[in-house]
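So the structure is just underneath, and the comments pick up after that.
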Amino acid sequence: HAICADCLITLPRNTRPCAHCALPLPESAPTDTLCADCQAHPPAFDHVMAPLLYENPVDGLVAQFKYRQHLHLGRVLADTLGTEVRGQRAPPVLLVPVPAGPRRLRERGFNQAAELARWLSAALDIPWSGSRLIRASDTPTQRGLPRPQRRRNIRGAFSCTGPLPDHLALIDDVMTTGATAGEASRALKSAGVKRVEVWAVARTPRDRWNRGSG
């Protein structure tokens, strides 16, 4: 086990998420509250599940998994996400990882979202595909950029191929502003998908958006 049980249960949890995008809200917020952004501009995706907060030590675990190829830590994060999403009344019928650009694949040697999807597929008995959603080109890194720039960076970056079901889950490691998930969801819905859930290991609190990824 990469992390002992006592440490695992102390990872920061997203206990009061926005009912649509899972943005961490104040603990005083009523259950099923929508954040201001979702009320004003509902995202293209239908629901987000993100059990952890992207803060210490989760940010360190993600970095070790993503940039140093410590896949055993990725498996721990996937198990945590799998526990959160297991047992849905109407689960998605396909898992689709957010694709990495060609340059990042060469740099890292793997796509962390695809690894998460592979582990989740085995644990939940839901098929996954890394070929239905395509990132045609490398986009500038989203890290450290304000939300409007993130949206401009990612606009038109995704296309779809092959048959797609009515209901699927989009898999990623971290969701920050939701720009990447939103653009990918628009591409999937344009291709005929009716319901897109986003399953991310962690959600970045708003005050850390300048340090998050997607």
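Observations
- Net charge of the neighbourhood of residue 96, taken over other residues with C-beta under 15 Å away and scored Lys/Arg +1, Asp/Glu -1, is 0.
- Over the chain, accessible surface divided per residue gives 48 Å², non-protein components excluded, 1.4 Å probe.
- Gain on full extension, evaluated as 0.36 nm per residue between residue 5 and residue 32 minus their Cα-Cα distance, stands at 6.8 nm.
- Summing +1 for each Lys or Arg and -1 for each Asp or Glu among the other residues whose beta-carbon sits under 13 angstrom from that of residue 74 gives +1.
- Calculated over the chain, the projected area of the Cα convex hull averaged across directions stands at 11.3 nm².
- A full extension of the chain between residue 161 and residue 16 corresponds to an added length of 48.6 nm, given 0.36 nm per residue minus the alpha carbon distance.
- Environment charge of residue 122, counting only residues whose C-beta is closer than 14 Å and scoring Lys/Arg +1, Asp/Glu -1: 0
- For the chain, with all protein chains in place and a probe radius of 1.4 Å, 52% of the accessible heavy-atom surface sits on carbon or sulfur.
The values are calculated or read from the model by the stated rules, or taken from the named source; none is laboratory data. A quick note: this is a predicted structure, and the numbers were derived from the prediction, not measured. Note that we place each Cβ from the backbone using ideal geometry, even for glycine, and neighbour counts take in every protein chain shown. Accessible surface areas use protein heavy atoms only, side chains included; no ligands, DNA or RNA. Shrake-Rupley method; radii C 1.70, N 1.55, O 1.52, S 1.80 Å.
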